[in-house]
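Chemist: Got a structure for you, questions after.
The values are calculated or read from the model by the stated rules, or taken from the named source; none is laboratory data. Values in this document were obtained by computation on a predicted structure and should not be read as measured data. Here the Cβ positions follow ideal geometry from the backbone for every residue, glycine too, while neighbour counts run over all protein chains shown. For the accessible areas, the whole protein counts, side chains as well, though only heavy atoms, and no ligand, DNA or RNA atoms are used. Shrake-Rupley method; radii C 1.70, N 1.55, O 1.52, S 1.80 Å.
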Amino acid sequence: MIPARFDYVAAGSAAHAIDLLARHGDDAKVLAGGHSLLPMMKLRLAAPAVLIDITRASGLSGISVDGEELVIGATTRHADLAASDLVRAGAPLLAHAASLVGDPQIRHRGTIGGSLAHADPAADLPMALVALGGSVELTGPEGTRRVAADDFFTGFFETALADGELLTAVRVPRQPGVPWGYQKFVRRANDWAIVGAAAIGGRIALANMASTPVRARAAEQALAGGASPAEAAALAAKGTSPGEDIHADREFRQHLARVLTKRALEHHS
Ligand SMILES: Cc1cc2nc3c(=O)[nH]c(=O)nc-3n(C[C@H](O)[C@H](O)[C@H](O)COP(=O)(O)OP(=O)(O)OC[C@H]3O[C@@H](n4cnc5c(N)ncnc54)[C@H](O)[C@@H]3O)c2cc1C
């Protein structure tokens, strides 16, 4: 459980981090909260020659309002999301999701940018961002581009981040007062979801039902056509082919998707 040897550089700003990424190429990895990267390095599943620490880079942390959106800096911690009055008022689903990530230690180190870039299909914040219809800002030497959450997660632990790009900010539509529901089925407190479901404004996202967070589109269409939450939720697993592991086989995951979607739609906050 000892990582391979690496060099460490603390970036002073996003521009500095992007410059370092360009200089070191494939040999480098961005370090944010370290709660996913460092375990992978200790298991030698990742062995970057250079770690570029962005946690103290200026301009990458904090929560603000820009018109109808919340803008959340990439290095904003889960605990700060959960406690933010702006997030609790404008996107309470996101604050709630952040409050369920791991335990307090993880929430005080882990960052929203790290969680999204890591792209674990069982994770909370990727599912929440897809449900909310949010987007991410990706910045590289050529400038900043914006990618919708629906398009950002491209595969198992894979995203639309290109070589040399840094996830710099997350944008979330403000939806004060819009009913939402969030369900996470776990074996033990603090675990990742065996299956998760998040619903708001007619959108439904599922965690751990595919190699990425996915929309329950058949259920969404049924809702839009006037179906009851129970009728719509019965379609939540349609078209999914979730993986199997020691916690759940495919059929059990599909059952959970239906039950959790029903609860998310009926137990709206
Ligand atoms: C015991 C334990 C329990 C956990 N439980 C949960 C849980 O219940 N739910 C959940 O959702 N998560 C859980 N997590 C994961 C936790 O939320 C992590 O903090 C998160 O997944 C990664 O964020 P990080 O800031 O620690 O990123 P890091 O570990 O620093 O980085 C993760 C990856 O993202 C890349 N990266 C980081 N920031 C950027 C950026 N701005 N731009 C581009 N690439 C970037 C890194 O290079 C690396 O590849 C748990 C982790 C642990 C250790």
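Chemist: Lys/Arg Cβ at +1, Asp/Glu Cβ at -1, dipole of the stretch 1-159 taken about the Cα centre: which of L93, L45, F153 is farthest positive-ward?
Modeler: L45
Chemist: Between 0 and 90 degrees, rounded to the nearest ten: what's the tilt of helix 14-24 against the longest Cα principal axis of the chain?
Modeler: 70 degrees
Chemist: Any idea what the relative contact order of the chain is, in percent, if you count C-alpha pairs under 8 Å spaced at least 6 apart?
Modeler: So the answer I get is 16 percent.
Chemist: What figure in square angstrom, to the nearest 10, would you give for the accessible area of L132 with a 1.4 Å probe?
Modeler: 10 Å²
Chemist: With the Cα gyration tensor of the stretch 149-269 giving a ≥ b ≥ c as the square roots of its eigenvalues, does the rule (a/c under 1.5 for rounded; else a/b larger than b/c for prolate; else oblate) give rounded, prolate or oblate?
Modeler: Here the stretch 149-269 falls in the oblate category.
Chemist: Please report, as a whole percent, how much of the solvent-accessible surface of the stretch 32-175 comes from carbon and sulfur atoms (probe radius 1.4 Å).
Modeler: Reported share for carbon and sulfur atoms: 50 percent.
Chemist: Test of the criteria: in the stretch 166-269, which trypsin sites (Lys or Arg not before Pro) are in a DSSP loop and have at most 14 other Cβ atoms within 10 angstrom of their Cβ?
Modeler: Here the trypsin sites (Lys or Arg not before Pro) that fit, given the DSSP loop and packing criteria, are R187, R188.
Chemist: In what sequence, largest accessible area first, do T111, T144 appear using a 1.4 Å probe?
Modeler: Heavy-atom accessible area, descending, gives T144, T111.
Chemist: May I have the pair-distance distribution P(r) for the stretch 17-62, computed from all Cα-Cα distances with 10 Å bins from 0 and rounded to whole percent?
Modeler: Going out from 0 Å in 10 Å bins, the stretch 17-62 shows 27, 51, 21, 1 percent.
Chemist: To the nearest 0.05, what FRET efficiency results for A46 and V186 with a Förster distance of 30 Å applied to their C-beta separation?
Modeler: Once rounded, the FRET efficiency stands at 0.70.
Chemist: For the chain, report the accessible area per residue in Å² (1.4 Å probe, heavy atoms, rounded to an integer).
Modeler: Accessible area per residue: 46 Å².
Chemist: Need one value: the accessible area of L116 in square angstrom, 1.4 angstrom probe, rounded to the nearest 10.
Modeler: 0 Å²
Chemist: Right, another one. May I ask you to work out the translational diffusion coefficient for the chain at 20 °C, viscosity 1.002 mPa s, via Stokes-Einstein with Rh from the Kirkwood sum over Cα pairs, reported in whole µm²/s?
Modeler: 114 µm²/s
Chemist: Separate question: Using helices alone, I'd like the mean residue ellipticity at 222 nm for the chain: each DSSP H run of four-plus residues gives -39500 (n - 2.57), total over residue count, nearest 500.
Modeler: On the way: 12 runs with 93 residues, N = 269.
Estimated from H runs of four or more residues: -9000 deg cm²/dmol.
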